[in-house]
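Q: Structure incoming, see below.
Laboratory data are not the source of any read-out in this text; all were calculated from the coordinates shown. Everything numeric here is computed off the predicted structure, so don't read it as measured data. Cβ atoms come from the backbone with ideal geometry, glycine included; neighbour counts cover every protein chain shown.
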């Protein structure tokens, strides 16, 4: 029984020595790189979303001034800001889905 346990311990030590720590570090580095990329995409989409809201409010103020002066070509001019906000939201959802998919494959 002792001989069998010592063989198992010896085999375990050999297996632990055979594993290369660089592989673990490479996997961890890849996971951290994926996380940094995801965070940069989130930062970008939040900037786009904020730009869309700002653009929407700016266009709204200019459009209201044109309606008052009678120079407005049409009554609703919020399409640009809303489109930018919707596009940034869709981009964030798609990017988060890709991040989860890539993280599960690592």
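Q: How many nm separate the modelled label positions at residue 12 and residue 60, each set 7 Å beyond the Cα in the direction of the Cβ?
A: So the label points at residue 12 and residue 60 sit 6.6 nm apart.
Q: What is the gain in length, in nm to one decimal, between residue 68 and residue 26 on full extension, counting 0.36 nm per residue of separation less the C-alpha to C-alpha distance?
A: 8.9 nm
Q: Say each of residue 36 and residue 94 gets a label point 7 Å from the Cα, pointing the same way as Cα to Cβ; how far apart are those two points in nm?
A: Calculated label separation equals 2.5 nm.
Q: On full extension of the chain, what length is gained from residue 105 through residue 44, given 0.36 nm per residue of separation minus the C-alpha to C-alpha distance?
A: Extra length from residue 105 to residue 44 when fully extended: 19.5 nm.
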